[in-house]
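Notes for the one structure printed next.
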Amino acid sequence: MTNWVEACKVGAIEAEEVAPFDHGGHRYALYRSPADQYYATDAVCTHEDADLTEGLVIEHIIECPRHNGRFDYRTGTARGAPVCVNLKTYPVKVERGAVFLDLG
């Protein structure tokens, strides 16, 4: 079952940046890649609950602001200690000038 929710307008996030999106009591992290693709993950680091929307984006990597753990935001794969648990990702689509997440 799908549950597409509008998260932001196209262009609201700069390339190689991350932005928060809150919905239903949950925080998500939205990313815009250097290739102008949009991605979404949970916004909380799997290591110690830091807010990833305050982290640093370098190409396709989000670096946690607390202990510098790294994830590939396209797949959620943990890419650097101390994180070892992958990050949950969400399907994203762009339609009618808006970015939608499937929270289904």
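Observations
- Within the range 46-68, tally of residues that are modelled with pLDDT of 95 or more and touching a strand residue (DSSP E or B) at 6+ places or on another chain (Cβ under 8 Å): 14
- Within the range 59-100, strands (runs of 3 or more DSSP E) holding 2 or more residues that are of a type in the set (Phe, Trp, Tyr): none
- Residues being over 17 Å from residue 74 (Cβ atoms) and in contact (Cβ under 8 Å) with a residue 12 or more places away in the chain - total across the range 1-20: 12
- All told, residue 49 meets the bar of being assigned to a loop (DSSP other than H, G, I, E, B) and free of Cβ contacts under 8 Å to residues at least 12 places away in the same chain.
- Residue satisfying all of: in the range 36-57; out of contact with any Pro (no Cβ under 9 Å at 6 or more places or on another chain) and closer than 22 Å to residue 85 by Cα; surrounded by the fewest Cβ atoms within 10 Å (Cβ to Cβ) among these: 49
- Scanning the range 67-79 for residues that are within 19 Å of residue 31 (Cα to Cα) and touching a residue at least 12 places away in the same chain (Cβ under 8 Å) turns up 68, 69, 70, 71, 72, 73, 74, 75, 76, 78, 79.
- Scan the range 1-35 for residues that are of a type in the set (Lys, Arg) and either surrounded by 17 or more Cβ atoms within 10 Å (Cβ to Cβ) or in contact with a Phe, Trp or Tyr (Cβ under 6 Å, 6 or more places away or on another chain) (or both) and the total you get is 1.
The values are calculated or read from the model by the stated rules, or taken from the named source; none is laboratory data. Keep in mind that what you see is a predicted model, and the values were worked out from it rather than measured. For neighbour counting, all protein chains shown are included, and Cβ atoms are generated from backbone atoms with ideal geometry for every residue, glycine included.
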